[in-house]
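Everything on this sheet refers to the single structure shown next.
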Amino acid sequence: MLLIDLIYNISLLLSLMVFYQVVVSRNKREKVSRKVILGVLLGAVAVVGMLAPLEYGEGIIFDGRSIVLFIAGLFGGPVSAGVSALLVGAYRVWLGGAGMPVGVATIVMSAGIGVIFYYFRQRYGSLTAIQAFGAGLAVHLFMLLLFLLLPNGVGFAIVEQIWLTVLLAYPAGTAAVCLLFQDYEEQEKTRDNLKWLAYYDALTTLPNRHYLAEQVDDALSLCLGSGEKGAVLLIHLDRFSRLNDARGYDVGDRLLQEVARRLQETLMQKGTLARMSGGDFFVLLNENFASDSQLEQVATDWITRIRAELRTPVELDDLKIPVFVSIGITFFPHDRFDTPVQVLKRADIAMHRAKWKGGNQSIFYEQSMSVVAEQQFQIERELRIAIADNQLHLYFQSQVNTKGTVVGAETFVRWLHPERGLISPGVFIPIAEETDLIVELGEWVLHEACEILAKDSNGLIPGRLAVNISPRHFMHPGFLSSVQHILHATGANPERLTFEVTESLWIHDLVDVTEKMRTLTKLGIHFSLDDFGTGYSSLTYIKHLPIHELKIDKIFVQDAPNAKDSAALVESILAVAHHMNLQVVAEGVETHEQADFLSARGDVVYQGYLFCRPEPFEQWVKHLAE
């Protein structure tokens, strides 16, 4: 009969586990509510088990409630144990009889040991089979000891009959149920973790894009019903990728966590803050308004608060990192067919417009921006085709010394579209810079220039050919091997090449940059520092890096004859170049006045419309011959 009672109670517990899994735990309830419900269900199971107990007369009964109450404490902690013990204890008091005090004590003892092992599991992890058996043995050993307290020595007779079965079969049954519940609990935790990862960002613990999209969907439905409008802000950390490149992802991650903390403090539960990938954060404002003007004012106020909160530099170790953000704002619903995807896309388009305007700005979305974004997407797609289909052409612009002799040339890429004609580099180069297309484009230009140099057996090309290398192309892992492969494949002489790099290259891994430059210098390639004076350079970099030439930016060249500041800067550059034995190329020379100003102050190579416009190779060579 004892074994039948054991099997009966285990069957009830297994049925409960299935019911709890299907009906209760899959619903969206707080953990405390789940534990209360678990306690009620386990209490009910114990009461059902007590409906058919082993009776020993005078209100003395034996049943499997000890296993149920232990499980309540073990998996539900004090909350479930307390609820179950209260229900079962109340029923046992209602039954009454001489065995009632011992019965209630057994209830409290079983639940209490379960709670003790609950905290054991919290600290040390899941129970092993041996530990589970030991816990069951402890429960039922104490139960037998409590039986000895039954009046008139009845307990001793009962214990003598049942002790062996109770101390072997019941602990084994307890362990089996414990391990089954434990396995289910692990599966439930895994499901919860996967669900959390699907809706939250692991780094900042903020909601992610999926969660935000659901919130925007709810907000859209609300606004469509009420006729009001809501707003979404997309906050982008300017130059965040540069920080990652320069200081590593650990510093970048810590910056993101601090920015997330500040944004949360600013919003104060008045908006949903979510993190996208990289340095992007979305904000869905909780308030909706009837008019665009009201909403625009509220959004502007929030932007002001956000910028004020981020104005103080973030201190990480010995670094003080200023935080600048580009913010795109869009309202919704745009129309009755608006969707969360479209809302977030509009905010993204507005944010990219803020970045395009120089960053650290806030832009409200306008319909025309979507047209521009679509055009840019089209250009990117068609540029990939253009590289493969030979729609690109190489143009040359002469570099002339003070005697009027051509001493070299700079190469430029031009795109002759089969339908739209000549597309300006100012249109497609920035788009290529945002993607790895700039690598393909750079390799194409270098290959074409090297092929032309290799075929120049008659020496038609004077001096060196200058090729622009973007920072993204230069820092590409395959840059060195690509250059070496092109030189080998074309047979070009590297001593006739100059690579023009910009000062922004220094913010990348300086050790890697230096190593690459020195490797290429050994091959005979020279380096020219383009747009000098507009970026980040210090004389220390110029001194220690293999720089052979400085190019004065055309802004200073064109202003120099009439603007004292530009004139002073040009004179300083010429003095530095002379002292460090560097060649100077002045770009953008368009008038004799500019040329005379430069020649009066140093030995300069001119490049500009005054001497030559960029033109295809055949025309350029023809003009050279003339």
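Anything in the stretch 576-610 that is open to solvent by 60 Å² or more (accessible area, probe 1.4 Å) and touching a helix residue (DSSP H, G or I) at 6+ places or on another chain (Cβ under 6 Å)? List them, or say none.
Correct list: Arg601 only.
Can you pull out the residues in the stretch 257-276 that are touching a Lys or Arg at 6+ places or on another chain (Cβ under 8 Å) and surrounded by fewer than 21 Cβ atoms within 10 Å (Cβ to Cβ)?
Ala260, Thr266, Met276
From the list Leu149, Leu137, Leu164, which one is surrounded by 13 or more Cβ atoms within 10 Å (Cβ to Cβ) and either modelled with pLDDT of 90 or more or out of contact with any strand residue (DSSP E or B) (no Cβ under 7 Å at 6 or more places or on another chain) (or both)?
Leu137
State whether the residues of the stretch 278-286 include one that is without any contact (Cβ under 8 Å) to a residue 40 or more places away in the chain and either in contact with a helix residue (DSSP H, G or I) (Cβ under 6 Å, 6 or more places away or on another chain) or open to solvent by 90 Å² or more (accessible area, probe 1.4 Å) (or both).
No - not one qualifying residue is present in the stretch 278-286.
Within the set of pairs 6 or more residues apart or between chains, which connect a residue that is at negative phi inside the stretch 319-339 to a residue that is open to solvent by 30 Å² or more (accessible area, probe 1.4 Å) and acidic (Asp, Glu) with Cβ atoms less than 7 Å apart?
Once the first residue is at negative phi and sits in the stretch 319-339, its partners that are open to solvent by 30 Å² or more (accessible area, probe 1.4 Å) and acidic (Asp, Glu) give Gly328/Asp348; Phe331/Asp292.
Restricting attention to the stretch 464-478, which residues are within 17 Å of Thr502 (Cα to Cα) and part of a loop (DSSP other than H, G, I, E, B)?
Scanning the stretch 464-478 gives Ile469, Ser470, Met475, His476.
Confirm whether Leu480 is surrounded by fewer than 16 Cβ atoms within 10 Å (Cβ to Cβ) and out of contact with any helix residue (DSSP H, G or I) (no Cβ under 7 Å at 6 or more places or on another chain).
It is false that Leu480 is surrounded by fewer than 16 Cβ atoms within 10 Å (Cβ to Cβ) and out of contact with any helix residue (DSSP H, G or I) (no Cβ under 7 Å at 6 or more places or on another chain).
Failed condition for Lys320, given (1) open to solvent by 70 Å² or more (accessible area, probe 1.4 Å); (2) part of a helix (DSSP H, G or I), with all others met?
(2)
Does Ala308 qualify as being in contact (Cβ under 8 Å) with a residue 60 or more places away in the chain, hydrophobic (A, V, I, L, M, F, W, C) and loosely packed, with under 13 Cβ neighbours inside 10 Å?
no
So which of Leu54, Leu38, Leu42 ends up being over 20 Å from Val166 (Cα atoms), modelled with pLDDT of 65 or more, of a type in the set (A, V, I, L, M, F, W, C) and open to solvent by 10 Å² or more (accessible area, probe 1.4 Å)?
Leu38
Provide a single number: the residues in the stretch 373-422 that are at pLDDT below 80 and open to solvent by 50 Å² or more (accessible area, probe 1.4 Å).
The total comes to 4.
On the basis of being open to solvent by 10 Å² or more (accessible area, probe 1.4 Å) and at pLDDT below 90, does Phe75 make the cut?
The answer is yes for Phe75.
Take the stretch 557-575 and flag every residue that is crowded, with 16+ Cβ neighbours inside 10 Å and either of a type in the set (Val, Ile, Thr) or within 22 Å of Pro546 (Cβ to Cβ) (or both).
Val557, Val570, Ile573, Leu574
Looking at (1) surrounded by 15 or more Cβ atoms within 10 Å (Cβ to Cβ); (2) of a type outside the set (Lys, Arg); (3) free of Cβ contacts under 8 Å to residues at least 24 places away in the same chain, find the lone condition where Pro313 falls short.
(1)
Could you tell me which residue of the stretch 120-132 is nearest to Gly73 (Cα to Cα), considering only residues that are in contact (Cβ under 8 Å) with a residue 40 or more places away in the chain and part of a helix (DSSP H, G or I)?
Residue satisfying both the conditions and the ranking: Arg121.
Can you confirm whether Ile113 is in a helix (DSSP H, G or I) and surrounded by fewer than 24 Cβ atoms within 10 Å (Cβ to Cβ)?
yes
Can you tell me which residue in the stretch 213-267 is farthest from Thr312 (Cα to Cα), limited to those that are of a type in the set (Asp, Glu), in contact (Cβ under 8 Å) with a residue 24 or more places away in the chain and part of a helix (DSSP H, G or I)?
Selected residue: Asp217.
Taking the condition of being in a loop (DSSP other than H, G, I, E, B), modelled with pLDDT of 75 or more and buried (at least 16 other Cβ atoms within 10 Å of the Cβ), how many residues in the stretch 528-547 meet it?
2
Restricting attention to the stretch 194-212, which residues are of a type in the set (A, V, I, L, M, F, W, C), surrounded by fewer than 19 Cβ atoms within 10 Å (Cβ to Cβ) and in a helix (DSSP H, G or I)?
Of everything in the stretch 194-212, those that are of a type in the set (A, V, I, L, M, F, W, C), surrounded by fewer than 19 Cβ atoms within 10 Å (Cβ to Cβ) and in a helix (DSSP H, G or I) turn out to be Leu194, Trp196, Leu197, Ala198.
Determine if the stretch 577-589 includes at least one residue that is over 22 Å from Gly408 (Cα atoms) and not acidic (Asp, Glu).
Yes, the stretch 577-589 contains at least one residue that is over 22 Å from Gly408 (Cα atoms) and not acidic (Asp, Glu).
Pick from the stretch 432-463 the residues that are outside any helix (DSSP H, G or I) and open to solvent by 60 Å² or more (accessible area, probe 1.4 Å): which of them is farthest from Gly524 (Cα to Cα)?
Glu434
Suppose we filter the stretch 222-266 for residues that are modelled with pLDDT under 90 and closer than 18 Å to Ala347 by Cβ; how many remain?
So the count comes out to 2.
The values are calculated or read from the model by the stated rules, or taken from the named source; none is laboratory data. None of these values were measured; they are calculated from a predicted model. Using ideal geometry, Cβ is built from the backbone for each residue, glycine included, and neighbour counts are taken over all protein chains shown. In case anyone asks, the SASA skips ligands and DNA or RNA and just uses the protein heavy atoms, side chains included. Shrake-Rupley method; radii C 1.70, N 1.55, O 1.52, S 1.80 Å.
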